[in-house]
Amino acid sequence: MNLTLHIRLKSISFRLLSSLLLLGLGSSANALGPVEVPETWGGDLTTRQRLTGDWGGVRDKMAKKGVELDANMLLMPGGVITGGKETGAEFWGNVDYTLNIDTDKLGLWPGGFFKFEGVSSFGNTLYDQVGAIVPNNVASLYPEFDQASSGLMQATFTQFLSHQVGVTMGKINLFEFTPAEFYGDYRTQFMNTALNISAAFAMAPISAYGGGILGLPTPDITLMALALDASGTPMENNISKAFENGVTVLSAAHFNIKPFGLVGHQGVTGLWSDKTRFSLDQDPENLKRALLQERYPILGNPGPRLERILNKYFPQLIAPVKPANKKSNTWAVVYSFDQYLWQPDADEKRGIGLFFSFGATDGNPNPVQYSYMMGIGGKGVFSGRTHDSFGIGWARTQFSDQFMPLLRDKLALGLDHEDAIEMYYTAAITPWLNVSPNLQIIKSGMNKELNNSNELQDMDTTLEASLRMNLLF
């Protein structure tokens, strides 16, 4: 390899990698490129970066060679205190296993990075008790929604060609890119799905085969575009099926700003897909087919709940007699920003700020017409607690007026909008353990729900309390 090119590739900076913002939502520094590692994984139990330490020095040697193996366990006991469909408590957990390989450190070639991530989930969620349409716990969306399972979330190769350009391909985990300054990291920030990712992206696959290109024309402008399998899921690993049902294209532009010396970010993202989907505008006889066959990855799977109500009150509509209406494309656009209002000692990683996001869609086949998100976040605000964080947020999901008008009008089921208010405080107990008391107030988009007697009952506003524990091994 040309020596000059080799040196240029080796100098690819974390500046590019840490500023990448896919989906206009945010980016984790290790989503596509090198993983920051400490000088040593060792130390005593209160200071080491991981619970299991340096594995007798083996972990440190692997890191120097560009191989980083990690595991993360998220434990989420919680309960519905009042309201919702019913009160009760449950326990849900996720375990992530990741392998990162830096080809330069491994002595192969500069600028190349592999990442593999598997996820196992266990326990039971509060989704049924809460009665919301948008999942109250974003960690319950994968590998399979609302059920214990294991799956491959990511298997990607990324190659940076210069300071300004990189390409990526493989099975891409979109949740790797959701962390913004004050929201999107569900392990330490908000839990509600609508406060992690814009509900306008209801049609975006969570994990899918594909590829794309990213660029940094200036240090403060990041551009990115991805083409993904429109039907990709964490459980689908057969690459031969990729793009059989169409493509989903995501493009984003992100801007770093610093008014009055305070850190801020702004972003715009667009989504377009040519996958043929059930139209929301259906003859009544086809409603059940649309409910059971259409999937909305970010919303989980609300179809079976609505289908049970349809079966009970409109059994004459069960057997379709006409072809279903279809839509051949869908689109969504989201604008978002976050801005620090105060930062102590000019520390760019600490302070208090605001965040906001607004999304709009075609409203058909996307069941979400508009999405809103706003709130206040803080990091390292208190002296001596520089790794703690807190947040207070509100999200509204405005559903399309074409989303099940029969159930909305005939049964006063609602289906107009859903509101969620969430607050949390994350305390860093050690570098490998943080604990987050969490409170959610959710006004479901459904005014009524079938009870255990198979009768419609009114649903009051849900009050949910959780204690989230994040352990790094």
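Between the beta carbons of Leu69 and Glu455, assuming R0 = 45 Å, the FRET efficiency works out to 0.30 to the nearest 0.05.
Put one equal scatterer on each alpha carbon of the chain, apply the Debye formula with no solvent term, and list log10 I(q)/I(0) at q = 0.06, 0.07, 0.14 1/Å to two decimals. The Debye formula, applied to the Cα set alone, gives -0.27, -0.37, -1.48. One chain, two ends: Val165 and Arg385. Fully extended at 0.36 nm per residue, the span grows by 75.4 nm beyond their Cα-Cα distance. Region 408-473 and region 210-230 have Cα centres spaced 34 Å apart.
Counting alpha carbon pairs within less than 8 Å and at least 6 residues apart, what relative contact order, in whole percent, applies to the chain? It comes to 16 percent, rounded to a whole number. Normalising by residue count, region 280-439 has a Cα convex hull of 147 Å³ per residue. Here is the link list: Lys115/Lys171; Lys105/Lys379; Lys85/Lys312; Lys85/Lys443; Lys322/Lys448. Which ones come out longer than 21 Å on Cα distance? Result: Lys105/Lys379; Lys322/Lys448 exceed 21 Å.
Here the dipole of region 3-472 is about 740 debye; that uses its Cα centre as origin and unit charges on the Cβ of Lys and Arg (positive) and Asp and Glu (negative). The helix-only estimate of mean residue ellipticity at 222 nm for the chain, built from DSSP H runs of length n ≥ 4 each weighted as -39500 (n - 2.57), is -2500 deg cm²/dmol after division by the residue total. Have a look at Ala89, Ala346, Asn329 and report the one farthest towards the positive end of the charge dipole of the chain, computed about the Cα centre with Cβ charges (Lys/Arg +1, Asp/Glu -1). Ranked along the dipole, the leading option is Asn329.
Laboratory data are not the source of any read-out in this text; all were calculated from the coordinates shown. In this text, all values refer to a predicted model and were calculated from it rather than measured experimentally. In this analysis, Cβ positions are derived from the backbone assuming ideal geometry, glycine residues included, and neighbour counts consider all displayed protein chains.
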